[in-house]
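What follows draws every value from the coordinates through simple rules; no lab data is involved. As the structure is a prediction and not an experimental result, all values here were calculated from the model. Neighbour counts run over all protein chains shown; Cβ positions are idealised from the backbone, glycine included.
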Amino acid sequence: MSAKKFYANAQAYDLAFSDREFDTECDFLIYCLEKYGKLKNQDEKSYLEMACGPARHAREFAKRGWRSVGLDISEDMIAYAFDETKKENLNVEYLVADMVKFKLNKKVALATTLMESIAHLVTNEQMVAHFKSVAKNLKKGGLYIIEATHPMFFFPDGEANTWKTRVNGTHVEVTFGLPTDHYDSVTQQWMLTSKLHIKQKNGADIVTEARHPVRWYLAQEMRALIELSGVWSKYWFFGSMYFTPPKPLDDSEDSDAMVIVLRK
Ligand SMILES: C[S@@+](CC[C@H](N)C(=O)[O-])C[C@H]1O[C@@H](n2cnc3c(N)ncnc32)[C@H](O)[C@@H]1O
């Protein structure tokens, strides 16, 4: 099953990954835009969430009165996000597109790719093309913020990456990588096994399984790709979206992600 197919079960995905503080994460993103952005018109409030999945952040920005856009390669994810947006009576513009190359109707002030979704770009060429495309759709002085996997998780630990969560009485078991997954040390790509096991109240379980290529990035190779793209005027590496002001990316307990802030 491809990544597209796995994410087709959008509702199951949403259940599995909804145990996060979306409003705190959005506060962090806005703090960064105010502190590190250099927009000419500070009133411009527009946001793009790439690889948006259920578009929790795009919806939160819309709630706060921002012009908000959600982009994802999966039609099913976008359909699900659209329905949730309607239920909340919000206004988010949606786009089914590949984040490697896309075009928005109107440029935005702030763009993001959150929760390791950048790992879906598996070659240097894809990453550089992606940077160029994001920059084209961003206002001058605007920011692109990536929440990527912390480099300390680059090397495998031989353990299955499995966790359990419970949302509104529904139990979900998520597996995001097995020790048996094939790793190609030259391309640095994992053929990652993802599984979602939803234990529903009525006893009918939903199980989805997929295998798709992902790549984790080291900080120095990310820096090299940022420089190679030639589209960012300044950039910063931080260690979490849960501290404002942000703390630097390092090996301390406070660093749990690689948060890259890029200014056009
Ligand atoms: C981990 S999920 C996303 C989650 C969302 N950002 C969040 O914070 O919950 C990854 C998403 O990336 C999307 N995706 C994968 N490759 C993509 C690409 N090349 N362009 C756009 N979206 C992509 C998938 O369809 C999926 O919805």
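Examine segment 83-92 for a residue that is in a loop (DSSP other than H, G, I, E, B) and at positive phi, and state whether such a residue exists. Yes, some residue in segment 83-92 is in a loop (DSSP other than H, G, I, E, B) and at positive phi. Within segment 59-75, one or more residues are near the ligand (Cβ under 9 Å from one of its atoms), closer than 24 Å to Ser233 by Cβ and either assigned to a loop (DSSP other than H, G, I, E, B) or touching a Phe, Trp or Tyr at 6+ places or on another chain (Cβ under 9 Å) (or both).
Consider segment 38-54 and keep the residues that are within 16 Å of the ligand (Cβ to nearest atom) and in a loop (DSSP other than H, G, I, E, B). The one that is surrounded by the most Cβ atoms within 10 Å (Cβ to Cβ) is Cys52. Criterion applied to Glu25, Glu34 was being closer than 22 Å to Pro245 by Cα and within 11 Å of the ligand (Cβ to nearest atom), and the one residue passing it is Glu25.
Out of curiosity, is Met99 buried (at least 16 other Cβ atoms within 10 Å of the Cβ), within 11 Å of the ligand (Cβ to nearest atom), in a helix (DSSP H, G or I) and under 16 Å from the mean Cα position of the chain (by Cα)? Against the criterion (buried (at least 16 other Cβ atoms within 10 Å of the Cβ), within 11 Å of the ligand (Cβ to nearest atom), in a helix (DSSP H, G or I) and under 16 Å from the mean Cα position of the chain (by Cα)), Met99 does not qualify.
The selection criterion, being out of contact with any Lys or Arg (no Cβ under 8 Å at 6 or more places or on another chain) and part of a loop (DSSP other than H, G, I, E, B), does not hold for Trp236. The set of residues in segment 131-175 being of a type in the set (D, E, K, R) and in contact with an Asp or Glu (Cβ under 6 Å, 6 or more places away or on another chain) consists of Lys164 alone.
Checking each residue in segment 23-37 for being surrounded by 14 or more Cβ atoms within 10 Å (Cβ to Cβ) and either of a type outside the set (Ser, Thr, Tyr) or in contact with a strand residue (DSSP E or B) (Cβ under 7 Å, 6 or more places away or on another chain) (or both) picks out Glu25, Cys26, Asp27, Phe28, Leu29, Ile30, Cys32, Leu33, Tyr36, Gly37. Scanning segment 189-211 for residues that are crowded, with 20+ Cβ neighbours inside 10 Å and in contact (Cβ under 8 Å) with a residue 40 or more places away in the chain yields Ser194, Leu196, Ile198.
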